[in-house]
Each structure stands twice: as structure tokens, then as C-alpha cells.
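The values are calculated or read from the model by the stated rules, or taken from the named source; none is laboratory data. On a predicted model such as this, the values are computed, not experimentally measured, just so you know. Glycine gets a Cβ as well: all are built from the backbone with ideal geometry, and neighbour counts include every protein chain shown.
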Amino acid sequence: MDKTNYISIGKITNFFGIKGEAKVGYDNENQLKKAKSVFMLDDKSEVELKIKSIRFHKNFAIIKFDGIDDINDIIPFKGQRIFVSKQEALNKLEKDEFLIQDLIGCDVFDEKDNKIGEVINISTNSSQDLLNIKNGFGKVDLVPFVNEFFPVVDVKNKKITIKPIEGLLS
């Protein structure tokens, strides 16, 4: 199964109650809220699950899927990542929004247009995403992805402008 047409938005960590609800750790609350259905993918197949309801509880999403009405129906999905169609996710983005994974590979420049490095990965902590920026010497800086540090993000041209404060970059 080609997973490049999908983006992961969470993982079923457990069941919730006895009526077949799933406890889901999520990567992006907005994408999860907008999803009408999600996919479970393995090497050979995809399973689509339509979302009947969703609510948020203690940093998890509690999702009720159509046709899953018993704890025994949700247990086989425990531990599996959930995906949405990349095209569907792109269609639901607002004008100034983009998929966080599209930042990987972008070049990072300072305000004087000097190249600082390249985004090689995205990490997440409890409060925000962190861009992993590899500089020309091979050192990786973790920079909070906030508007104050990144005034210009041009995913289409793979260029990001950083406005670093002292000590932010090595």
C-alpha cells in the first residue's frame, strides 16, 4: 500500500468504555476535527472508518466510528495509526495554512537572505512543533515553530525566513 497519498493524524491508543469508542492520540487537532473518515493502512490494504462523533478528553480524542458499537469491535485497531487522504487534507486548508510535513526540505534564510540551513524534520513537544534545522556544519537546531521566529513561510518555493533571537541558533 502506497502511504504517500495519506498523512497520519493520530494513533488509536486504546478503547474507551464498552460501546466501541476509540481513545486516539492525535498529531493535529484541526485535521482530526475536519475529518469525516479515517483510514487504517497496512502493506496490502486500507480500511476506511467513518467518524460518527468526536470529542476531546484529557489530551486525547474519543472517536465513535460508524458500525463499531462494541468494545470487541475496536480492540483489533488498538495501536494502529489513523490516516486521512493527503488530497482531502490539502483541500480543507485555509489560505495561509499548510501541512507541517511540507516544511521538511525547505531552506531556511535569515532576514538578509543568508542561508541558515534546511529543515530536516519536525519534532513536537507539549506546546508546539519544533523545526529541526540542519546548518552547513551539520549541527541541528530545534527551533519552536512560532510566528515570532518565522515571519515568512513559503512552502510552494520551499523557503522559510527566520528571525532568530540571540542564542536560538548555534
*Flag if ILE54 is in contact with a helix residue (DSSP H, G or I) (Cβ under 8 Å, 6 or more places away or on another chain) and within 17 Å of LEU32 (Cα to Cα)*: yes
*Applying the selection to the range 124-150, what residues are of a type outside the set (A, V, I, L, M, F, W, C) and surrounded by fewer than 13 Cβ atoms within 10 Å (Cβ to Cβ)?*
THR124, ASN125, SER126, SER127, GLN128, GLY136, GLY138, LYS139, ASN147, GLU148
_Tell me the residue from ILE133, ILE122 that is touching a Leu at 6+ places or on another chain (Cβ under 7 Å) and under 17 Å from GLN101 (Cα atoms), please._
ILE122
*asked:* Checking the conditions here, which among SER37, SER8, SER45 is farther than 23 Å from GLU97 by Cβ and either among the polar types (S, T, N, Q) or not assigned by TED's automatic domain parsing to the domain that holds SER85 (or both)?
replied: SER45
*Which strands (runs of 3 or more DSSP E) sit wholly inside the range 7-97 and have at least 1 residues that are basic (Lys, Arg)?*
21-26, 46-57, 60-65, 81-85
*Consider only pairs whose beta carbons are under 6 Å apart and that are at least six residues apart or on different chains; among these, list those whose first residue lies in the range 128-143 and is closer than 16 Å to GLY105 by Cβ and touching a residue at least 24 places away in the same chain (Cβ under 8 Å) and whose second residue is of a type in the set (S, T, N, Q) and surrounded by fewer than 14 Cβ atoms within 10 Å (Cβ to Cβ).*
none
